[in-house]
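Scroll down for the structure; my scribbles are underneath it.
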Amino acid sequence: MNPRVLIMLAALLVFSIGLVMAQEEMTKEQWQQEIQKYTAERDKVNGQLKQLESDINALKSQSVKSDEDFKKCMDELYALVGADAAKAAEYRAQLEAAENKANELMRLSDADLVARSAEVDGLEATVKNLWGNKLSLIPEFWDRLTALNEKVKSLRGTLASQVKTYTVKTWSRDRDCLWNISKKKDIYDNPWLWPKIWQGNRDQIKNPDVIHTGQKLMIPKGNELTPDEKSAARKYYAKKAVVAPVEAPAAK
Amino acid sequence: MNTITRKVTRLGVALLFTSSLALVGCTSRPDEAEMKQLNDLKAEVASLQKEIATKEQQKAALDKEVAEKNAKLKKCADDQAVVKQRLANK
């Protein structure tokens, strides 16, 4: 190759490298511009930060004030019904217990519900008692009690659909006892189901050997004993076995 | 003619060398301390921006908290009105 061309190429290479270096390195003027740009940015961001801190402090104060206002408002609300926060908490706990009981009863099978109808009575009385308290006027409690009422109504409906009644006649003429009543064709047609009648009427039959003429007994639906009824029957037979074998608890 | 070509070539090479040297060597550039000043400034701005992001999150959380408390407060005032009405109807 011609040495002159080589020299020209080398000179061009040096020129290009010089150009690239000149482009990559910052000039004093560019540095000045960058410093100005970032200083302005820092001042702007500092201003934003100050504003944010001020907003945050204002919000914190507002939050504390809201807490105080809310407490005052609740105290006034309870005072309207002659109560205070402690009484309301106690009432809330009673209401929650009643709600839990209602939910427990709602989950039972129809037969089990009939066997535990006394608990529905108890729940109904509790709900009535809760309505009697002026705290029930507060919407939080009012709404929950209204829902509870619906549940009690539903339980009552289930019980009503499951139970027919039988009025006890005399022992001397009709031979009415739980065993014989249970044996009747239009009752269970099975004397061994007598604990069903006993457990369905625990509120009025304390001792299954003793029923009274004129008593109106609920006859729970079903053709077999529930675990609770079986357990009650076992206890009864165990107790009686000590004295004498029992066949027929009689109407007196 | 040959002499003229040689002279032009030499002149061209000399011109390229000179201009590249001028480009690299004669431009005014910031020194090390000035570059450090710029980098520190950039780092400060980045750190402040990070702090702003944190504060903005904090502010948003507080905004939500205050809004919830105000809603509770309003409900309490509404409840008072309802209870007064129910007491009057009793």
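Against chain A, whose longest principal axis comes from its Cα atoms, helix A:139-162 is set at around 40 degrees. Scanning residues 5 or more positions from A:THR213 or on other chains, those with amide H under 5 Å from its amide H are A:LYS252, with H placed 1.01 Å from N in the peptide plane. Each of the GluC sites (Glu not before Pro) that DSSP puts in a loop and that has at most 13 other Cβ atoms within 10 Å breaks chain A; the longest unbroken stretch is A:26-223. Please compute the net charge surrounding A:ASN133, taking Lys and Arg as +1 and Asp and Glu as -1 over other residues with Cβ under 14 Å from its Cβ. Net of charged neighbours comes to +4.
Rg ratio for region A:85-162: its Cα radius of gyration over 2.2 N^0.38 Å, N being its residue count, equals 1.12. In summary, the convex hull built on the alpha carbon positions of region A:107-147 has an orientation-averaged projected area of 3.2 nm².
Amide hydrogen proximity for A:ILE219: with H placed 1.01 Å from N in the peptide plane, the residues at 5 or more positions away or on another chain lying under 5 Å are A:LYS164, A:THR165, A:TYR166. Summing +1 for each Lys or Arg and -1 for each Asp or Glu among the other residues whose beta-carbon sits under 12 angstrom from that of A:ARG144 gives -3.
Our coupling estimate for region A:194-199, obtained by passing each phi through the Karplus curve with A = 6.51, B = -1.76, C = 1.60 and θ = phi - 60°, is 4, x, 4, 5, 4, 5 Hz, Gly and Pro reported as x. Bridges between two residues of region A:114-251, per DSSP, are antiparallel at a rate of about 75%. Here A:ILE197, A:ILE35 are placed in order of increasing Cβ neighbour count within 10 Å, fewest first, which gives A:ILE35, A:ILE197. Taking 7 Å along the Cα-to-C-beta vector as the label spot, tell me the A:ALA10-A:GLN30 distance in nanometres, rounded to one decimal. Here the modelled spin labels are 3.0 nm apart. Of all aspartates and glutamates in the structure, the ones whose alpha carbon falls short of 17 Å from that of A:LYS184, not counting any fewer than 8 places away in one chain, are A:ASP174, A:ASP176, A:GLU224, A:GLU247. Placing a label point 7 Å from the Cα of B:LYS59 along the Cα-to-Cβ direction, the residues of region A:32-67 whose backbone N falls under 15 Å of that point are A:44-61.
Each stretch of four or more DSSP H residues adds -39500 (n - 2.57); spread over every residue of chain A, this sum gives -24000 deg cm²/dmol at 222 nm.
The modelled label-to-label distance between A:ALA160 and B:ASP40, using points 7 Å beyond Cα along the C-beta direction, is 8.8 nm.
Our analysis of region A:168-251 gives Rg over Rh at 0.93, with the two radii drawn from alpha carbon positions and Rh computed by the Kirkwood formula. Once the Cβ-Cβ distance of A:LYS128 and A:TRP192 is raised to the sixth power relative to R0 = 35 Å, the FRET efficiency obtained is 0.40. Taking a quarter of the surface of the Cα convex hull of region A:31-101 gives a mean projected area of 8.5 nm². The DSSP beta bridges internal to chain A are antiparallel in roughly 75% of cases.
Within the listed set A:LEU155, A:LEU12, A:LEU135, the Gaussian network model of chain A (springs between alpha-carbon atoms below 10 Å) gives the highest mean-square fluctuation for A:LEU12. Across region A:85-162, the mean sequence separation of Cα contacts (distance under 8 Å, 6 or more residues apart), normalised by length, yields a relative contact order of 43 percent. Multiplying the residue separation of A:ASN223 and A:LYS235 by 0.36 nm and removing their Cα-Cα distance gives an extension gain of 2.3 nm. Footprinting exposure proxy ranking of A:ARG107, B:ARG10, B:ARG86, fewest other C-beta atoms within 10 angstrom first, gives A:ARG107, B:ARG10, B:ARG86.
In units of the compact-protein estimate 2.2 N^0.38 Å, the protein assembly as shown shows a Cα radius of gyration of 2.35. For region A:89-102, putting each phi into the Karplus relation 6.51 cos²θ - 1.76 cosθ + 1.60 with θ = phi - 60° gives couplings of 5, 5, 4, 4, 5, 5, 4, 5, 4, 5, 4, 5, 4, 4 Hz, in residue order, rounded to whole numbers and with x for Gly and Pro. Can you flag which of A:LYS37/B:LYS59; A:LYS87/A:LYS134; A:LYS164/A:LYS185; A:LYS164/A:LYS239; A:LYS37/B:LYS42 are past 20 Å Cα-Cα? Violating the 20 Å limit, Cα to Cα: A:LYS37/B:LYS59; A:LYS164/A:LYS239.
For chain A, the relative contact order works out to 17 percent when only alpha carbon pairs closer than 8 Å and six or more residues apart are counted.
Each value in this text was obtained by applying a stated rule to the coordinates, not by laboratory testing. Bear in mind that the values here come from a model prediction, so they are computed numbers and not experimental data. Glycine gets a Cβ as well: all are built from the backbone with ideal geometry, and neighbour counts include every protein chain shown.
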